[in-house]
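Right, one structure below, let's go through it.
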Amino acid sequence: MTPKRHNARQAGMPSQRQLRMGEAIRHALAEVTARGDIRDPQLRDLPITITEVRPSPDLRRATAFVTPLGGQNMDEIVGALNRARGFYRAKVAQMVEAKYVPEITFRADDSFEQAQRIAKLLHETTHEGPGAAGEDEEDLDNGGE
């Protein structure tokens, strides 16, 4: 009897095809934003980082996670990117060799904020208040008195 192989799709993980397409789109979007080809003044002069692109399993849609440098005006920038998504899709189609280029939706990437919040919580739990850990150590040194 052969053991069952773990199916990544059943586990909700992206396929290799999705990962390759996501990276190709991310690189193309990064190049377009770096060039500043877009006419929208809100987007033209602002450095935007494309952190990740997640294509759907059928590769018909993709979500691009973005963060502007400094994290300022996130909602306005994401709105402007979504208004210009047809432009970005056309540029990606010129740069990425694919039978079909997915519809791209832009979303704010809040993973950096979440990571900072988790780091802060971890720091707070390891350093609980002044002397909290020190009192326990003194009690152990004195035989629990």
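Any read-out appearing in this document is the output of simple, stated calculations on the displayed coordinates, not a laboratory observation. From a predicted model like this one, the values you see are computed outputs, not experimental measurements. Cβ sites come from the backbone with ideal geometry, for glycine too, and all protein chains shown count toward neighbours.
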Assigning unit charges at the beta carbon (Lys, Arg +1; Asp, Glu -1) and nothing else, what dipole magnitude in debye, to the nearest 20, does the stretch 16-109 show about its Cα centre? 360
Long-range Cα-Cα pairs in the stretch 16-109 (distance over 20 Å), rounded percent: 27
